[in-house]
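Below you'll find the structure, written out as C-alpha cells, and then a few comments.
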Amino acid sequence: MNDLVLIHAPTVYDFREREINYGPVSDLVPSTPVFEMYPIGFLSIMSNLCPDGYRIKIENIALEMLMNKKIDVEKRLSSLESEIFGIDLHWLPHVHGVINIAKILKKIRPDIPVVLGGLSATYFHDEIMKELPFIDYVMLGDTTEPFFRDFIDAVEEKRDLSKVPNLIYRENGKIKLNRVISPEKYIDQVRLDYKLLIKNCIKNLEIIPSIPYSTWMKSSTAMTFIQKGCHHNCLLCGGSKYAYKNFYYRNHVSYRPVKNVVEDIRSIEESMGVPIYVSGDIYQAGPKYREEFFRLIRENGIDSSILFELFNPAQEEFYKEMEHSIDMYAMEISPESSNEYVRSCNGRYYTNFALEKNMEYAKKYNAGKMDIFFSIGLSQQKKENISEDVQFARKYHDIYNDWVHFFISPISPFIDPGSMAFELSENFGYRIFARTLMDHYNLLDRAESWVDALNYETLWLSKNDIGNLSIEAGNSIALLRSQYENTDNKKDRLLPAIFEKSELMWSEKINIKTPMSFLVNTYRDIYFRLKIKN
C-alpha cells in the first residue's frame, strides 16, 4: 500500500479516440502533444518523503495511454493501492485530462481522497472547490513538499486537517482555507534524488509509469533547478515576478543551496550518465553563487554534458569560467523576437548586439552549441516581425553553421493565467477567450485543431494568423537548420538538443507489454551498478 500515488494526466483525456490536429504545440519541450512529461515536483516530493519511510509512487498515466492504445485506464487506475491520489495541475493544458482522471478515480475509489497541486491548481483553487466535487483538496503554492508530510499523516491518522498549511478543502459543506505559509524558507528542503527514482522502479517492478516522456530511453535527459520565483516580469509568463507575488504566495526569489544543486547533478551522473539541463539563470544568481557552483563542479570531478539557460545576456568572464569548470556545456536563451522593440514590449530588455556578443563568447569559449528561442503571438508583434526572425536565424546560421540552433513556436495552447498578458490583457493588446478553469476545459474539449484551442489572439495577429505563421515559420527554420546540418560534428552529438524530437519512439522496443523478466533484469543491472559506484 502506497501513502501517495502521484498521477500525471494527458492534455486531452480522450486523445486516442479523437482526430486532433495538434500542430506545433509541443515543439519546445521533449514530450509529444499529449504533454506526457510530468513536472519535476513529482521527483522532489518523492525525494523529500521516501527517505523518511513514506511510500510514494509515480504513475505517468499519460505516457501509458500514449504507448499502449489498448490500455484500459479505469482498470489501470483501479489497480493502484494508495491512501491518497495526487494529480498535478501545474500546466493548464492538462486541465481536460486532470478533470477526467479525477472523475474516474472518484467513481472507482470513492473512499480515497484526491488532491491537486501545482500553479494552475493554485490559481483556480476557489473554482475547483466550488465546482468540482470529485476533487477533495488542493495544495497551494510552488513548494509543497514539507506540507505533504503533514497532509499524509493527517489523512492516514484521521487527524484534524486544519493544522496542515497551504491546504484548501471542504468540511461539513463549507470550504476551508488553512494558513498559507510563504514558501521562501523551504527551498533548502527541495531535493531531486534520481537514484531514488530508479530504486523505486525496481521495488515496484515496473518501468513505464515512472519515465518522464516517451522518447526518454532513446534520447535521455535529466534536469535540476537553481531557483524558485523570478526577478523578471516577462509579459506572457505565468512564472513571472508579478504572477508569483499576486497568485502564488511568493514575495522573493529563493535560490537553492549550491551544494544541493551539485548533489542533484552528481545523482544524475552516477545513476544515469545523461545530459543535464539546469533550469534557472546561474549568471543572474550572482558571482558568489557562480563561484561556489563552479568550484564544487570541479571538486566533484563532474564531467557530464550540461545545458544552461540565460534570462539575459552574460559578460565574457562568465563564459571563460564556464569553459574552465564544465567539461562540456551548451547554452540557451529566449529573446522571443529578433525585433528589439517587440522584445522590450514583452519584458526582455536587451539589444541584438548583446545577443550577438553572447553567441560570439559562447563559441569562443567552446560551448557545444547555443539554442535561441523565438515565439509567435507576442504583444506588438506583426507578420513582418516573424519574417525578420527567420532572416535573423539565416544570418547567424551563415556565421556559425549548425553550432547555433534556432527555434520558433507559437504561444500555445494558452496564455498563462497569472501572467500580465492574461490579467491585464487589454493593456497589452490581447483578447482572452477563456477566463475560468472550465472555459479552458471546454476549449480543449471542443477543439478540432490546436488553433481552435488557443485562449487568445492579439490586436496584430488573429488566431488563424498565429496558426498559419507558426507553420510557415516553423517549416522555414527546420529547412534552414537541415541545410547547415553537420553530421561530422562529434562534439555536438554528445550534447543532444533537449528540445528536439526523435522520429523513432523507443516504445517499439520497450512498451507496456514488455515481459516483466526483461524489466526486472534491466533494473537489477542498474541497481548493482549503483551499488558498485557507491
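The values are calculated or read from the model by the stated rules, or taken from the named source; none is laboratory data. None of these values were measured; they are calculated from a predicted model. So basically every Cβ, Gly included, is an ideal-geometry build from the backbone, and we count neighbours across all protein chains shown.
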Self-check item: Residues located in the stretch 324-347, provided they are within 30 Å of V274 (Cβ to Cβ) and either aromatic (F, W, Y) or out of contact with any Leu (no Cβ under 7 Å at 6 or more places or on another chain) (or both)
Solution: H324, S325, I326, D327, Y329, S334
Self-check item: Tabulated pairs, the stretch 245-259, first in a strand (DSSP E or B), second modelled with pLDDT of 95 or more and of a type in the set (F, W, Y), C-beta under 8 angstrom, 6+ apart or interchain
Solution: Y255/Y289
Quiz item: Is the stretch 412-423 home to any residue that is over 30 Å from S305 (Cβ atoms), assigned by TED's automatic domain parsing to the domain that holds S304 and either basic (K, R) or surrounded by fewer than 20 Cβ atoms within 10 Å (Cβ to Cβ) (or both)?
Solution: yes
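Is it fair to say S334 is buried (at least 21 other Cβ atoms within 10 Å of the Cβ) and within 30 Å of D452 (Cβ to Cβ)?
no
Is the stretch 358-368 home to any residue that is touching a residue at least 60 places away in the same chain (Cβ under 8 Å) and polar (S, T, N, Q)?
Among the residues of the stretch 358-368, not one is touching a residue at least 60 places away in the same chain (Cβ under 8 Å) and polar (S, T, N, Q), which makes the answer no.
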Quiz prompt | Every residue from the stretch 365-401 that is over 28 Å from the mean Cα position of the chain (by Cα) and either small (G, A, S) or in a loop (DSSP other than H, G, I, E, B) (or both) | solution = Y365, K382, S387
Exercise. Count, please, the residues in the stretch 335-346 that happen to be part of a strand (DSSP E or B) and free of Cβ contacts under 8 Å to residues at least 40 places away in the same chain.
Key: 1
Practice problem: Evaluate the stretch 201-213: report whether one residue or more is touching a Cys at 6+ places or on another chain (Cβ under 6 Å), surrounded by 18 or more Cβ atoms within 10 Å (Cβ to Cβ) and either modelled with pLDDT under 95 or more than 28 Å from Y123 (Cα to Cα) (or both). | Solution: yes
Practice problem: Pairs only if they're at least six apart or on different chains, beta carbon under 6 angstrom, first in the stretch 177-191 and closer than 16 Å to L43 by Cα and modelled with pLDDT under 90, second buried (at least 17 other Cβ atoms within 10 Å of the Cβ) and of a type in the set (D, E); list them, first residue then second. | Solution: Q189/E145
Quiz item: Can you find even one residue in the stretch 247-255 that is of a type in the set (A, V, I, L, M, F, W, C), closer than 20 Å to E332 by Cα and touching a Cys at 6+ places or on another chain (Cβ under 8 Å)?
Solution: no
Quiz item: Would it be correct to say that I61 is in the same structural domain as D150 (by TED's automatic domain parsing), among the β-branched types (V, I, T), within 30 Å of W450 (Cα to Cα) and modelled with pLDDT of 95 or more?
Solution: no
Quiz item: Among strands (runs of 3 or more DSSP E) lying entirely in the stretch 78-147, which contain 2 or more residues that are under 16 Å from the mean Cα position of the chain (by Cα)?
Solution: 85-88
Exercise. Scan the stretch 248-293 for residues that are buried (at least 18 other Cβ atoms within 10 Å of the Cβ) and hydrophobic (A, V, I, L, M, F, W, C) and jot them down.
Key: V253, V258, V261, V262, I265, I268, M272, I276, V278, I282, A285, F293
Self-check item: the stretch 78-104, subset of a type in the set (A, V, I, L, M, F, W, C), without any contact (Cβ under 8 Å) to a residue 40 or more places away in the chain and over 24 Å from S47 (Cβ atoms), residue surrounded by the most Cβ atoms within 10 Å (Cβ to Cβ)
Solution: A102
